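See below for the structure under consideration.
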Amino acid sequence: MNKIVIASDHGGFELKLKIKEYLLSQNYDVLDLGTDSNKSCDYPYFAKKLCSKILSGEFNKGILICGTGLGMSICANRFKGIRAACVSDTYSAKMSRSHNNSNVLCLGSRVLGAGLACDILDIWLNTSFEANRHQKRLDMIDE
Ligand code: RB5
C-alpha cells in the first residue's frame, strides 16, 4: 500500500480533513501529524515534524497545508533534501514532479477549494520525475 504523511496548522486544518478523506479513498495509508483542531498554532513546528519523517526515509512524500501554503513551503525548503512545492494550479503540480522531483506538496486552504486541491494532489501523486537533465540541476541545489 502507498503511504503518505500529512500535517497542517490551524489555517489548513479543515482542508487537511478533506485531503485525508480523499487519500484514504485512493487506498493510501495516511500518517497525520496534526494539528488536530482550528486552535491557533505555529506552522514551523508542523513543517519540521513532517520533514523529519521524509528525511529519515520513513516516507518519500508528504503534504503540508496552511492558509496559503507559503509559510509551510518556506519552512520545508530550509531542510536539505526537501523539495517543497507550493502549488495552486494543475500544470505546476505536474511540473513540480516531472522537473523538480518535489517530495513535499504545500497547499493553501485559503487559496484553493477542496475540488481543485484534490485534482492538484492527484496529478502530483501520479506524475513521475523525468530525471535526465533535471537530476543534474537538483544535484546542484544540494551542492
Ligand atoms: C495563519 O494565520 C497563517 O499565517 C498560516 O496558516 C499560513 O498561511 C502561513 O503562511
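The values are calculated or read from the model by the stated rules, or taken from the named source; none is laboratory data. Because the structure is a prediction, the values reported are computed rather than measured. Cβ placement follows ideal geometry from the backbone for every residue including glycine, while neighbour counts extend to all protein chains displayed. All accessible areas refer to the heavy atoms of the entire protein, side chains included, with ligands and DNA or RNA removed. Shrake-Rupley method; radii C 1.70, N 1.55, O 1.52, S 1.80 Å.
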Exercise for the section: For segment 66-80, state whether one or more residues are closer than 19 Å to Y28 by Cβ and buried (at least 20 other Cβ atoms within 10 Å of the Cβ). Expected result: no
Fill in the blank from the handout: (1) within 11 Å of the chain's Cα centre (by Cα); (2) open to solvent by less than 40 Å² (accessible area, probe 1.4 Å) all hold for S109 apart from (1)
Exercise for the section: May I ask you to list the residues in segment 2-31 that are of a type in the set (G, A, S) and touching a helix residue (DSSP H, G or I) at 6+ places or on another chain (Cβ under 7 Å)? Expected result: A7, S8
Problem - Within segment 109-140, tally of residues that are farther than 24 Å from V5 by Cβ and acidic (D, E) - result: 2
Handout entry: Given (1) away from the ligand (no atom under 16 Å from the Cβ); (2) touching a residue at least 40 places away in the same chain (Cβ under 8 Å); (3) farther than 19 Å from C75 by Cα, number of the condition I19 does not satisfy
Key = (1)
Exercise for the section: Give the number of residues within segment 22-52 that are in a loop (DSSP other than H, G, I, E, B) and away from the ligand (no atom under 16 Å from the Cβ). Expected result: 3
Exercise for the section: Output the qualifying pairs, or none if there are none: Cβ atoms under 7 angstrom, residues six or more apart or on different chains, first residue in segment 107-123 and free of Cβ contacts under 8 Å to residues at least 40 places away in the same chain, second residue away from the ligand (no atom under 14 Å from the Cβ) and open to solvent by 10 Å² or more (accessible area, probe 1.4 Å). Expected result: D119/T90; I120/T90; I123/T90; I123/K94
Problem - Residue match in segment 49-65 (condition: over 17 Å from I4 (Cα atoms) and either at pLDDT 95 or above or open to solvent by 30 Å² or more (accessible area, probe 1.4 Å) (or both)) - result: no
Exercise for the section: Could you look through segment 81-96, keep only residues that are in contact with a helix residue (DSSP H, G or I) (Cβ under 6 Å, 6 or more places away or on another chain) and not β-branched (V, I, T), and pick out the one that is surrounded by the most Cβ atoms within 10 Å (Cβ to Cβ)? Expected result: A84
Handout entry: Residues located in segment 1-19, provided they are more than 16 Å from G113 (Cβ to Cβ), surrounded by fewer than 21 Cβ atoms within 10 Å (Cβ to Cβ) and charged (D, E, K, R)
Key = K3
